Structure formats: C-alpha cells, structure tokens
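Peer 1: Okay, handing you the structure first.
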Amino acid sequence: MPMVQKNRLSVDAVVKIDTAEEARSRLAAIVQCSDDAIVAKDLNGIVTSWNSSAERIFGYTEQEMVGKPIALIIPPDLQSQEAQILQRLRAGKRIEHFETVRIAKGGRRVLVSLTISPVKDASGRVVGASKIARDITRIKQVERALRESEQRIRFCMEAANIGTWDWDIESGSIRWSDNMERIHGQRPGSFGGNVEVFQKGIYKQDRPRVEQAIQQALEGDGRYHAEYRQIKADGSLGWMEAHGQVIYDSSNRSIQMMGVCRDISERKASEQALKEAHEQLDARVNERTSELDRARESLRMLSARLLQMQDDERRRIARELHDTAGQILVALNLNLVPVEEELQRNNPELARQITGSLRLIEELSRDLRTMSHLLHPPLLDEAGLHSAVRWYVEGFAERSKIEVDLQLDPKVERLPAELETAIFRIVQECLTNIHRHSGSSSASISITRASNNVTIEIRDQGQGMPVPIRPGVGIQGMGERVRQLGGQLEIASGKGGTRITAIFPTNSMLPEVSPEVVSVTS
C-alpha cells in the first residue's frame, strides 16, 4: 500500500509539471505573437528576454540584446530615467503608460509608451521587471497632424469670417461655434441656443424665405442654403449666408443639420453699388444712343468719302510706283527660298544672310501689300476688270507656280470704277494669302454676273485657316470694301481648303444702310 501511494503521488506531480510546461509554452507563444515589444530584465537593467516585436520595433535581435543592459536603447540624455524606473520597481511599484523615447538600431528615434511591472519570486521579493513597449510614433504623428489641421481650419475660418452651427432637429437645440455671435453681431453669451431664438433674430421679411429653405432641405436632397438679414445688437442689419446639410439616421430619418455661416454684408453692399452703377450706366447709354446713331451715320458718309479719296490717291500713286513692285518681291522671295535651302546645307553662314534678306523682303512685302490696298491698277482704268484681273492672275501663276483656273463671265462688262477696284483688290488679296499661307498648289477664281449682282468666288485646296478663324488686316480690308458697296462677304474654311465669296449689288453702290457683310465659318 505505501508503495502504491508513492507511485500515485509521482503521477500527480508529472501531470502538474506537464500543465505548467504547457502554460509556459502558451505564454511564450503569446509573448512572441504580440504586436508590442515585451522585454524582461533584472534589477540591474540586464535584458533576460526579448520577443520578436521588440526585434521589429528596435531592430536588435534577441541574441544581440539578451544579457545586455537595457540602457543600450535609451538615449544618452534620458539615461537617468532607467535609474528612476529601477528604483520604483525595487519598491514594487508599477509604471503605466509612460511615454518616452528610445533609440532603435541605426540611431532611429522611436516614441514608445511603456508599461513596466515588477516580477516577484515565490516569497514576494522583487527579482526583475516585465516591460511592454508600444510604438506610438505613428499615433503621435497622426495626433500632431490632426492638431495642425484643426489649427489651420480654425485659422481659415477666422480669416474667412466663417462660423459653424449644429442643429439637433428633435430637441431644437442649436450649437454655435465661438465666433458665431460675433459674426451675427450679437453680444457674447446672448444666443439662447435654440431654433426660436435664431429665427427671432432674422429680419422679419426674410424669415419666410429661411423657413422655406429649411423645409426644402428636410423634404428634398438635404442641402440647405439661405441668405438673410440678421438684426444685430445695435439695431443695424447685416447680411448672412448659411450652407448646411441634413444628417440622417439608419432609418433615413432627419435627426440633425449642420453647416457654416458667414457675414456677406460687404458683398451685398458691393452688389448693390454695382447694381446702381449699372443702372446709371444704362441710363447714360440710353441718353447717348441717339447721338451715337447720328454719329454712326455721319461716319458712314465720311468713310465712303474717305474711300473715294483713297481710290483717287491710289490712281495718282499707281502711275509712279506700279503694282509690279509687290509682284517682284514675291518673285524674289520665291527665288531666294531654294537658295536659302541650298546654302543651309553647304554654307550656313551665307544662308543666315539670305534668311535675313528674306525677312527684310517679307517685311517690305507686307508694307507694299498694305500700300497696294491704296493703289489703283492702271489697267482698271485703261482696259477694265477683265484685262486687269487676267494680267494679274497670269503673272501670279508664273511667279508662284500655283495653277489658277480663272473663269470670267462675258456678261461682266465694264462696271462702276468703285466696284471694279473692289473686285480686283479682293482677287489680289486672296491670291497673295493662298501663296503665303494655304500651301495649295492650285486655286480657282470665278466672277459671274446675274441680273442684279456680281459674285466673286475664290477657292483653294490648302490646309485651311486656323480655328477659330480670326480675320487679319487683309480680310478686314476686303470686308470694309464690301460693306461700303452694300455687299456680303462669306469665308468658309476647313481641311479641304478655303472658299471666299463676295456678292455685290449692281443697282446701288453706296446704300444708306449697310447689311451685315462678313460671315465666317469653318
């Protein structure tokens, strides 16, 4: 019997030992799986255990730290903390959520929250310490970012003179931000904090509009916007603008509305001043309208007279300069371009001189082209439109190597001098533009006459005008001539080329009222 009893006790002891071993294993697994660094040390500050999270946070392996002083991860300026911690531990005191700085391997500073507990033996004597360190670097960064964001928002709201409000729909209570009473012109602490007090402060005529805006927000999409006049403490009125949004619970029931409010008195004063200024301006415009109409009529008559005088002057100058100067410049440009291209390959220095000469030719050509609008071709007086246009087109085709198909209606006989000059200038300007800008190798010109009008149509197959079309000096000049003669000018341009059509009435060269003459399409 005694022997049996002894064996039974041995079995019980083994069971207890196995249970303790399992508990220790489970505890070790928990320690290793923890996201927090769990460290054990003795009362001399020597590390006795170091879990995987401690390795991750501080960068030291268990082999590098076990048996080493914990002071290895304490910054030099905080070494005194360890002595204070050990002193508290020897006294059996626990340290909770102590925020401090530790140094990871490589010198990186880590913000940690420490919880340190004394470890006692079976007799209750403190023999070491268990430390849990949580990396709070990211948390502190987020907290700092939130504080900075709140400060920026607060500053922006103050700078923009904007306040916030929060209305509990069920209770009717309203919370205002600290600056809302100032924005509304109220004395500090005077706001009662409910809907009735808020509505009472609104100017009587504006209350229905605010109530309607609130009702629409509650019954509609939840967005609230209202502008109203607020009765200030001194009795004056200030304009307020409020924006808000309804907040719903899980059952889609309106429980809250929150938003912002700002003083827009200055904006309203500016709008009123602007409105009055517009009214005054409209009145002044109306007063001047009749005078401008009379002045416009006088300008039309003067413009017609000036155009006639210019044509007369062109006739005089044309006898001395001739129109061939511009043609020679174009031919010279055509001749020098291949020279420039050849010299760019063989003699760049001389090519630059040719390029400079081409620029001078281009500038002189532009000047002469502008002058050509003021000149009158001698052939117009001597042989008429047919001969002048044919002579110019043949010369242009020979110099530019652009094939031009000219169709002259035999019914277009001698026309009034003003009309022949206008038609010739349009042909001249269009062909020059085709050569310079379109890149087309061909063009067509058609001049036809009906019973009461003459139509000029000029086409090319080039790249078209840039979109949107912005008429230059040449097109504007053509438009002015057409307008003076009561005609219509149409320009259509696209990828397939450009078409310019001018229609002149033959029954009246200078009508009293000119129609809209320029139509541009692309």
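The values are calculated or read from the model by the stated rules, or taken from the named source; none is laboratory data. From a predicted model like this one, the values you see are computed outputs, not experimental measurements. Using ideal geometry, Cβ is built from the backbone for each residue, glycine included, and neighbour counts are taken over all protein chains shown. Protein only, heavy atoms only, side chains kept; ligands, DNA and RNA dropped before computing areas. Shrake-Rupley method; radii C 1.70, N 1.55, O 1.52, S 1.80 Å.
Peer 1: Sorted by average packing, counted as other Cβ atoms within 10 angstrom per residue and highest first, what order do 330-338, 103-111, 477-485 take? Each step should come with its number before you reach the end.
Peer 2: On the way: 330-338: 14.8, 103-111: 13.0, 477-485: 21.4.
Those peptides, ordered most packed to least, come out 477-485, 330-338, 103-111.
Peer 1: Here's a follow-up. List, in order, the whole-Hz ³J(HN,Hα) value for each residue of region 487-497 obtained from phi through the Karplus relation with A = 6.51, B = -1.76, C = 1.60 and θ = phi - 60°; use x for Gly and Pro.
Peer 2: x, 10, 10, 10, 10, 10, 9, x, 5, x, x
Peer 1: Here is a follow-up. Got a sec to turn the phi values of region 400-408 into Karplus ³J(HN,Hα) couplings, 6.51 cos²θ - 1.76 cosθ + 1.60 with θ = phi - 60°, whole Hz, x for Gly and Pro?
Peer 2: Whole-Hz 3J(HN,Hα) from phi for region 400-408: 8, 6, 9, 6, 10, 9, 9, 10, 10.
Peer 1: Based on the mean of other Cβ atoms within 10 Å per residue, sort peptides 137-143, 456-462 so the most packed one is first. Kindly include the intermediate steps, with their values, before the conclusion.
Peer 2: Details: 137-143: 11.6, 456-462: 21.3.
Highest to lowest by the protection proxy: 456-462, 137-143.
Peer 1: Now a separate question. Taking just the alpha-carbon atoms of region 52-120, what radius of gyration and Dmax come out, in angstrom?
Peer 2: When restricted to Cα atoms, region 52-120 yields Rg and Dmax of 12.3, 34 Å.
Peer 1: Next question, about the same structure. Quick one: how many Å² of V260 are accessible to a 1.4 Å probe, rounded to 10?
Peer 2: 60 Å²
Peer 1: Under 5 Å between amide hydrogens, which residues at least 5 positions from S49 or on another chain qualify, with H placed 1.01 Å from N in the peptide plane?
Peer 2: Placed amide hydrogens put A40 under 5 Å from S49.
Peer 1: Determine the gain in length on full extension of the stretch R267-E398; use 0.36 nm per residue of separation and subtract their C-alpha separation, reporting nm with one decimal.
Peer 2: Going from the current span to full extension adds 40.4 nm.
Peer 1: Right, another one. Hey, which aspartates and glutamates would be in cross-link range of K140, C-alpha to C-alpha under 17 Å, not counting anything within fewer than 8 residues on its own chain?
Peer 2: Here the aspartates and glutamates satisfying the reach criterion relative to K140 are D36, E99, E148, E150.
Peer 1: Tell me, what HN-Hα J-couplings in whole Hz come from the Karplus equation 6.51 cos²θ - 1.76 cosθ + 1.60 at θ = phi - 60° for each residue of region 259-268, using x for Gly and Pro?
Peer 2: x, 10, 8, 9, 7, 10, 4, 5, 5, 5
Peer 1: When the solvent-accessible surface of protein heavy atoms is calculated with a 1.4 angstrom probe, in what order do C430, C156 fall, highest first?
Peer 2: C156, C430
Peer 1: What spacing in nm lies between the two simple spin-label points modelled at V66 and E96, each 7 Å away from Cα in the Cβ direction?
Peer 2: 3.1 nm
Peer 1: Next question. Subtract the Cα-Cα distance of M301 and R253 from 0.36 nm times their separation in residues, and report this length gain in nm to one decimal.
Peer 2: Details: separation 48, 0.36 × 48 = 17.28 nm, distance 7.46 nm.
In short, 9.8 nm is gained.
Peer 1: So, one more: Just order 270-279, 62-71 by mean Cβ neighbour count inside 10 Å, highest at the front, would you? Write down the numbers at each step before the final one.
Peer 2: On the way: 270-279: 10.3, 62-71: 15.3.
Packing order, densest peptide first, comes out as 62-71, 270-279.
Peer 1: For region 83-225, what class follows from the C-alpha gyration tensor (a ≥ b ≥ c being the square roots of its eigenvalues): rounded when a/c is under 1.5, otherwise prolate if a/b is larger than b/c, else oblate? Spell out each step's value before the answer.
Peer 2: Numbers: a/c = 3.75, a/b = 2.98, b/c = 1.26.
Prolate, because a/c is 1.5 or more and a/b exceeds b/c.
Peer 1: Can I ask one more? Carbon and sulfur together cover what percent of the accessible area of region 204-281 at a 1.4 Å probe radius?
Peer 2: Working: 2420 of 4910 Å².
Here carbon and sulfur together make up 49 percent of the probe-accessible area.
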